[in-house]
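A quick write-up on the structure given underneath.
The values are calculated or read from the model by the stated rules, or taken from the named source; none is laboratory data. None of the values given here were measured: they were computed from a predicted structure. Counting neighbours? That spans all protein chains shown, and the Cβs are built from the backbone with ideal geometry, glycine included. When the accessible area is computed, the model is the full protein with side chains, heavy atoms only, and any ligands, DNA or RNA have been set aside. Shrake-Rupley method; radii C 1.70, N 1.55, O 1.52, S 1.80 Å.
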Amino acid sequence: MTGKPSTIELTTPLYYVNAEPHLGHTYTTVIVDTLARFHRSMGREVFFLTGTDEHGDKIARAAEAAGCEPREYADRVSDIFRSTWDECSISYDHFVRTTDSYHVDFVREVLTRVNDAGDIYFDSYGGNYCTGCERFYTDRELVDGKCPDHELEPEWIEEQNYFFKLSAYQQRLLDHLHDNPDFIRPEGYRNEVLSLLGEPLEDLCISRPTSRLDWGIPLPFDDDYVTYVWFDALLNYRAALEFARGDKADKFWQNANHFIAKDILKPHAVFWPAMLMAAGLPLYDRLNVHGYWNMGESKMSKSLGNVIRPLEMKERFGLDSFRYFLLREMSFGSDSSFTEDAFVRRFNGDLSNGLGNLVSRVLSMQNKYFDGLLQAPADEDTSAEDTAADATVHAAFEKAEQRVPELLEGLSFHLALEEAWHALAACDKYIVDTAPFKLYKDESKHGRVGEILLLLCEALLHAARLLAPFMPDSSAAISRLLNTEPVEMAEPPPAWGTAFEPGHRVGKPEPLFPRIEIDKQ
Ligand code: ME8
């Protein structure tokens, strides 16, 4: 995020209510949650917005298939999204629904403004429409005549409608992209948008006749039409901010960061900034685009019927291990595949054998040798060899503490976690190299064993700090086991040797990530 802003808006897409939350939605929501926790810990004021997209053809058809009215259907599925995020401890600040009256009013107000400015006209049009994407496709965008996302042939729709003069904004969009190289990241998606803008843009059909569809926001200037879902849903990012933050909206908006997958790049990178320009509003700061979670060769999606449900993962393996997997496995911007094997490998390798084992080893030794009581540093001088060993752990954490926030700012979640795991590995190596379990057999070395374990307990507290935005429950569990208050990433860690009060006693070990036995799956 540019500079170090003190206020920031972070958004997920508004998810369609025709499907229940799956791993793909969870990924975007978890990365935004991780960033929200990170920025808050840096002392920034965050407005984390998520919600549901409820109007349009696709939802009307889904409601009909479910045998109920669109409103009733939307209420039900929107509640499922909200309660899923609540159960997943997602720290959103506001949940917007496109059926909320403040959003509807805002959409109508913007439409009036854009119409008054002469950027909307009435015309007839025929085109290839994908209901799954809720947009027209040009011939060039179709693959073998099908929508590349839904792998379905679009419908030919021809009718009289209202159009937004998108083409009039082509040059301004190009100029903005050239003047703001960070507007869309990673760069590959910026290039994709530049190439889209290299071809003439067609104007955007922004209405549907009520004779065909009445589940939408009526156009303020013609009751016989409802608003096209994208000209409705995109406005939420600004409507909800103004509604929830009032006068401070502009401050947050200067640092508005949208997070989406590549499926909705064009609406966010082309329609949305042009709509803002037409409405006389400043543009958002950044569009952050990630790749797809696939199952085998295909994108995970409700329409392809191959989804992983977040609450099932939480139930089976715990919330933080699912968060860890999502954040560790995908490199932001590229596609990733989900397989249960890969999940179990990461769980057993990084969490059970890695983090969980380290915590329980350190606490076991501390309890076994000193009844949990941390030992004051020994009086006698530490040998050069011991000092050098201690320094490896200090250095590993110092590096991670510097790199992890930088990597998070750059959206390299997987590298940030890798860096934190390097520090954990330095602790494992330290245990092997200093071998406190051997030293303890020699009574004259008990002072040194106490020092080693003190350093390791401090290292665990550093780890809890580093992991807080990624794995909040595990971070809190480590603090609890160490018998300290929960910690935040940005709190400056106390100098080594001063983290605990004299006489501090740590808790007994508990398995944080019990190993998954494959044959029990
Ligand atoms: O597009 N891999 O809603 P939607 C990665 N309502 N991310 C995925 C994914 C996958 N397989 N599947 C879904 C809409 N997502 C519109 C948005 S915004 C004003 C309106 C995530 O329910 C990802 O964030 O189809 C993607 O962009 C979004 O869900 C699409 O959600």
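Output the qualifying pairs, or none if there are none: Cβ atoms under 9 angstrom, residues six or more apart or on different chains, first residue in the range 288-317 and under 16 Å from Met330 (Cα atoms), second residue more than 9 Å from the ligand (Cβ to nearest atom) and of a type in the set (Lys, Arg).
Final answer for the pair search is Asn288/Arg185; Val289/Arg185; Val289/Arg190.
Scan the range 287-302 for residues that are farther than 17 Å from His22 by Cβ and either within 8 Å of the ligand (Cβ to nearest atom) or open to solvent by less than 20 Å² (accessible area, probe 1.4 Å) (or both) and jot them down.
Listed by number, the residues that qualify are Leu287, Asn288, Val289.
Looking at the range 491-505, which of its residues are under 19 Å from Phe370 (Cα atoms) and either in the same structural domain as Leu460 (by TED's automatic domain parsing) or of a type outside the set (D, E, K, R) (or both)?
Gly497, Thr498, Ala499, Phe500, Pro502, Gly503, His504
Answer yes if at least one residue in the range 258-270 is part of a loop (DSSP other than H, G, I, E, B) and either open to solvent by less than 40 Å² (accessible area, probe 1.4 Å) or within 26 Å of Asp116 (Cβ to Cβ) (or both), and no otherwise.
Checking the range 258-270: not a single residue is part of a loop (DSSP other than H, G, I, E, B) and either open to solvent by less than 40 Å² (accessible area, probe 1.4 Å) or within 26 Å of Asp116 (Cβ to Cβ) (or both).
Residues that are surrounded by 19 or more Cβ atoms within 10 Å (Cβ to Cβ) and outside the structural domain of Tyr430 (by TED's automatic domain parsing): which helices (runs of 4 or more DSSP H) entirely in the range 305-385 hold 2 or more of them? Let's see the steps before the verdict.
On the way: elements: 310-317, 319-329, 340-346, 357-370.
The helices (runs of 4 or more DSSP H) meeting that bar are 310-317, 319-329.
Among the residues of the range 94-110, write down those that are closer than 13 Å to Glu54 by Cα and among the acidic types (Asp, Glu).
Once the filter is applied, which keeps residues that are closer than 13 Å to Glu54 by Cα and among the acidic types (Asp, Glu), the range 94-110 yields only Asp100.
Suppose we keep only residues that are charged (D, E, K, R), in a helix (DSSP H, G or I) and open to solvent by 20 Å² or more (accessible area, probe 1.4 Å) within the range 198-247. Which one would you say is farthest from the ligand (Cβ to nearest atom)? First the steps, then the outcome.
Residues of the range 198-247 that are charged (D, E, K, R), as a first pass: 199, 202-203, 208, 212, 214, 222-224, 232, 238, 242, 245, 247.
Subset that is in a helix (DSSP H, G or I): 232, 238, 242, 245, 247.
Adding the requirement that they be open to solvent by 20 Å² or more (accessible area, probe 1.4 Å) leaves 242, 245, 247.
On the way: Glu242: 16, Arg245: 18, Asp247: 24 Å.
Among them, the one singled out is Asp247.
I want to confirm something. Restricting to the range 386-405 and keeping residues that are closer than 30 Å to Ala36 by Cα and open to solvent by 60 Å² or more (accessible area, probe 1.4 Å), which single residue is nearest to the chain's Cα centre (by Cα)?
Applying the filter and picking the extreme gives Arg403.
Which ranges mark the helices (runs of 4 or more DSSP H) fully within the range 410-499 that have 2 or more residues being out of contact with any Lys or Arg (no Cβ under 7 Å at 6 or more places or on another chain) and of a type in the set (Val, Ile, Thr)?
Per the criteria, 413-434, 446-467.
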